[in-house]
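Below: the structure, in C-alpha cells.
Read-outs: derived from the displayed coordinates by stated rules, not from any lab. Quick caveat, the model's predicted, so the values are computed rather than measured. Don't worry about glycine lacking a Cβ; one is built from the backbone with ideal geometry, like all the others, and counts go over all protein chains shown.
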Amino acid sequence: MTPRVKALLERAAVALRSAESTPLLEEIGAADVGLPELLQHLRAKEGWQEEEAWTTPSFRASLFLMPAGGTMPLHDHPGMDALLKVLWGQIRIRSYDWMEGQQALARATSDRLVSPADGAQRLEPHRDNLHRLDAVEDSAFLDLLAPDYDVEAGRPCLYYVEEALVATEGGPSIRLRPVPT
Ligand SMILES: [Fe+2]
C-alpha cells in the first residue's frame, strides 16, 4: 500500500469509529493498489485471498482478491465497525443481524450487488455485521476494520454454517452454527 493509500485508510479508520460514514475510501482507486495487474495473482481454486494486510493497534486494512464464483462464507466482526470498498469487479454482499433474545437465529437485512461505482459499504457492530460475500466477477476490495480482531478482547472472527430456515414472528430467520477455525 502506498503512503497515500495508507494515509487515507488511517483517516478513514478514525472517522469510522466516530461518524456515520466517510467518503475517504472513495478517493482510493484500482490503480492505487496495483490493479488490474494484481489480479494475475488470483488463485482460482480459493474462494478468496488476502493479498495484503496492514495492521495497527487501532485498525486492520486488507486488500482481498476474489475469483469469479468465489465465496467468503458467512462471518462476523464482533464489536467492530467495517468499511468495504469494491475496487474491481462485482460482489454480492448479503448481511444479517442477530435476532434479539433468540439464540443462534439471524435475519437477513440486506442483499446488494456492489461495484467500484458504489460507495464504501458500512457494517456496524449491531447492524449488517454478519455477512457473506460472493464474487460475481473477478473482484478486489479493500476491507477496513476498526478495531482489529482480538480474541482476548472478545473479538474473534467466527464463520458460520447456515443450518436451517426457521419460521419466526415477522418472517423467516436462519439458524447459524459457528464453525471452528
Ligand atoms: Fe467481513
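Between 0 and 90 degrees, rounded to the nearest ten: what's the tilt of helix 3-16 against the longest Cα principal axis of the chain?
Approximately 30 degrees, to the nearest 10.
Could you tell me which residue out of Ala53, Ala167, Leu113 lies farthest along the dipole of segment 3-179 toward its positive end? Charges go on the beta carbon: Lys and Arg +1, Asp and Glu -1, centred on the Cα centre.
Looking along the dipole axis, the top candidate is Ala167.
Kindly put Asp111, Asp148, Asp118 in sequence by how many other C-beta atoms sit within 10 Å of each C-beta, fewest to most.
Details: Asp111 11, Asp148 18, Asp118 15.
Taking fewest neighbouring Cβ atoms as first place, the list is Asp111, Asp118, Asp148.
Hey, could you grab the Kirkwood Rh for segment 74-181? Inverse mean 1/r over distinct alpha carbon pairs, Å, one decimal.
On the way: mean 1/r = 0.0687 Å⁻¹.
Roughly 14.6 Å, rounded to one decimal.
Can you sort Thr22, Thr56 by how many other beta carbons sit within 10 Å, fewest first?
On the way: Thr22 20, Thr56 14.
Lowest to highest Cβ neighbour count: Thr56, Thr22.
Any idea what the dipole of segment 3-179 comes to, in debye rounded to 20, about its Cα centre with Lys/Arg Cβ at +1 and Asp/Glu Cβ at -1?
Values: 18 positive and 28 negative charges, 22 e Å.
The dipole of segment 3-179 has a size of about 100 debye.
Most fluctuating residue of Glu163, Glu51, Glu124 in a GNM of the chain with Cα springs under 10 Å: which is it?
Most flexible of the set in this elastic network: Glu163.
Just the Kirkwood number for the chain, please: inverse of mean 1/r across all distinct Cα pairs, in Å, one decimal. Let's see the in-between values first.
Numbers: mean 1/r = 0.0595 Å⁻¹.
Taking every pair of different Cα atoms in the chain, averaging 1/r and inverting gives 16.8 Å.
Putting +1 on Lys and Arg Cβ atoms and -1 on Asp and Glu Cβ atoms, find which of Val14, Gln102, Pro73 reaches farthest to the positive end of the dipole of segment 1-107.
Pro73
How long is the gain from Arg122 to Glu26 if the chain were fully straight, where each residue apart is worth 0.36 nm and the alpha carbon distance is subtracted? The partial results should precede the final answer.
Values: separation 96, 0.36 × 96 = 34.56 nm, distance 1.28 nm.
Contour length minus Cα-Cα distance gives 33.3 nm.
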